[in-house]
Amino acid sequence: MTNAVKDERVQKTSPITNLLRRPEFGALMGALAIFVLFSTVDTTGNFGQPGGIAGWTDIAAPIGIVAVFVALLMIGGEFDLSTGIMVGSTGLLAGLIVTELGLDIWTTIALVMIFAAAIGLLNGWLVVTTGLPSFIVTLATFFVLRGLNLAVTKGFTGTVRVSETDKAANYDQAAAVFASKFDIFGASFQISLVWWIFFTLLATWILTRTKFGNWIYAAGGDPNAARNAGVPVVKTKIILFVMASLAAGFVGIMLVLRLKGMQAGQGVGIEFFYIIAAAVGGTLLTGGKGSAIGAALGATIMGMAYIGIPYALWDSDLTFTFLGLILFAAVLINSFVGKRGMKGKKK
C-alpha cells in the first residue's frame with residue numbers, strides 16, 4: 001500500500017511563517033527599532049515618557065486617521081493624491097460657512113462632510129469611467145482644489161486665511177468632541193488619539209471581518225478575476241475613494257476646530273505622508289495586500305521621527321531625509337520578509 005501524498009494546500013504553516021506573512025510585521029519591527037533609537041539618543045529624557053508620547057502621538061494621529069483609509073484604497077489598487085489638499089479645503093470651507101453664512105458648527109460639519117464625500121465620489125467615478133490612472137485623476141483634483149482654496153479664500157477674506165471659527169454657535173460642543181485634550185499619567189493627550197485608534201479598529205474590522213473587505217483585496221489583487229467571481233469592483237473602488245476623502249475631511253474639521261482657523265495652503269504635500277505611512281505599514285503599491293494596523297504603525301514611525309529628531313538635537317531639516325530612508329528601508333524589508341514568508345517551510 002502506497003502512502004498518500006498530502007495536498008500542500010491543506011498543510012499547516014509554522015507560526016513564524018504566518019507571522020512573516022503579516023503585512024504589518026515589518027512596520028512593527030521598524031516602530032520598535034525607531035523607538036529604541038530615539039530613546040537612546042534623546043537628550044531630554046522625555047521621548048519615552050508620557051509627555052513625549054503625547055507629543056509624537058499628536059503628530060501621528062491626524063496622519064494615521066487618513067492613512068488607514070488611504071491604505072484601504074491602495075489595497076484596492078488605487079491612489080488618491082488629493083487627500084492632503086482635502087484637509088485644507090474642508091477646513092477652509094468650514095471656516096467660510098461659519099464666518100460668511102453664520103451657520104452653527106454642527107450644520108457646518110455636516111455640509112463639509114457632504115462636500116468631502118462628493119469629491120471622493122467624483123474622483124472614484126472619473127477613475128472607473130474614464131479608465132485613467134487614479135494618480136492622474138486625483139493629481140488634477142489636487143491642483144483644482146489648491147487653486148480654489150487660494151482664490152475663494154482671498155475673495156471672501158482678502159487674505160489667505162480664515163479665522164474666528166470659534167465664534168460659531170455650539171463651537172464648544174464640537175471642540176469637546178473633536179479638538180479637546182485628556183490627561184493620562186500627568187500628560188495631556190489630544191482627543192485625536194482616541195479617534196485614530198477608533199478608525200484603525202474600524203478599518204481593520206472592515207478588512208478582516210466583512211464581505212466588503214474581501215472585495216477590497218480582490219479588486220486590488222486581480223480586478224478581472226474579481227469581476228468574474230462576482231465582485232462589484234467599480235462599486236468597491238468608488239466607495240474606497242469616498243472613504244479616503246471623508247477621512248481627510250474629518251481631519252480638516254478637527255484642525256479648524258483646534259486652530260480656530262485655517263490657512264489656504266494647509267495640507268499641501270501631506271498626501272505623501274499618508275502614502276508613506278501605508279507603504280511603510282506593508283501595503284503593496286500594486287494593490288492586493290496591506291493592513292490598517294500597518295498604516296497606523298507607519299504613522300507612528302513618522303510621529304516618532306518628528307519629535308525624536310529635535311529631542312536628539314539633530315538638524316530638523318533632516319526630518320524629510322529620515323522619512324525617505326525609512327520608506328526605502330521599509331519597502332525593501334517588507335519585500336524581503338514577504339518573500340521569505342511565502343517560501344516558509346510547511347509543517
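Worth pointing out:
- Restricting 208, 236 to those that are of a type outside the set (A, V, I, L, M, F, W, C) and buried (at least 18 other Cβ atoms within 10 Å of the Cβ) reduces the list to 236.
- Qualifying residue in region 78-94 (condition: surrounded by fewer than 17 Cβ atoms within 10 Å (Cβ to Cβ) and aliphatic (A, V, I, L, M)): no
- Residue 284 being of a type outside the set (Phe, Trp, Tyr), over 17 Å from residue 68 (Cβ atoms), crowded, with 18+ Cβ neighbours inside 10 Å and out of contact with any Lys or Arg (no Cβ under 7 Å at 6 or more places or on another chain): no
Let's see how each residue does on (1) under 30 Å from residue 173 (Cβ atoms); (2) open to solvent by less than 10 Å² (accessible area, probe 1.4 Å); (3) outside any helix (DSSP H, G or I); (4) among the charged types (D, E, K, R):
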| residue | (1), (2), (3), (4) |
| --- | --- |
| 256 | yes, yes, no, no |
| 269 | no, no, yes, no |
| 290 | no, yes, yes, no |
| 297 | no, no, no, no |
| 325 | no, no, no, no |
| 329 | no, no, no, no |
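- Single residue of region 271-281 satisfying the filter (of a type outside the set (A, V, I, L, M, F, W, C) and within 13 Å of residue 65 (Cα to Cα)) that is surrounded by the fewest Cβ atoms within 10 Å (Cβ to Cβ): 271
- Among the candidates 252, 213, residue that is without any contact (Cβ under 8 Å) to a residue 24 or more places away in the chain, within 25 Å of residue 84 (Cα to Cα) and touching a helix residue (DSSP H, G or I) at 6+ places or on another chain (Cβ under 6 Å): 213
- When region 299-320 is limited to residues that are open to solvent by 80 Å² or more (accessible area, probe 1.4 Å) and of a type outside the set (A, V, I, L, M), the one that is modelled with the lowest pLDDT turns out to be 317.
- Test: residue 240 is touching an Asp or Glu at 6+ places or on another chain (Cβ under 7 Å) and assigned to a helix (DSSP H, G or I): yes
- Of the listed requirements (1) under 28 Å from residue 38 (Cα atoms); (2) aromatic (Phe, Trp, Tyr); (3) in a helix (DSSP H, G or I), residue 314 misses just one: (3).
- Region 23-40 residues that are modelled with pLDDT under 85, paired with ones that are of a type in the set (Gly, Ala, Ser) and open to solvent by 20 Å² or more (accessible area, probe 1.4 Å) (beta carbon under 8 Å, 6 or more apart): 30/329
- One residue from 143, 178, 115, 185 being modelled with pLDDT under 95 and either closer than 25 Å to residue 239 by Cβ or in contact with a helix residue (DSSP H, G or I) (Cβ under 8 Å, 6 or more places away or on another chain) (or both): 185
- The set of residues from region 218-234 being touching a residue at least 12 places away in the same chain (Cβ under 8 Å) and farther than 10 Å from residue 77 by Cα comprises 231, 232, 233, 234.
The values are calculated or read from the model by the stated rules, or taken from the named source; none is laboratory data. As the structure is a prediction and not an experimental result, all values here were calculated from the model. Heads up, the Cβs are rebuilt from the backbone with ideal geometry, glycines too, and the neighbour counts pull from every protein chain shown. The accessibility values were calculated without ligands, DNA or RNA, using every heavy atom of the protein model including side chains. Shrake-Rupley method; radii C 1.70, N 1.55, O 1.52, S 1.80 Å.
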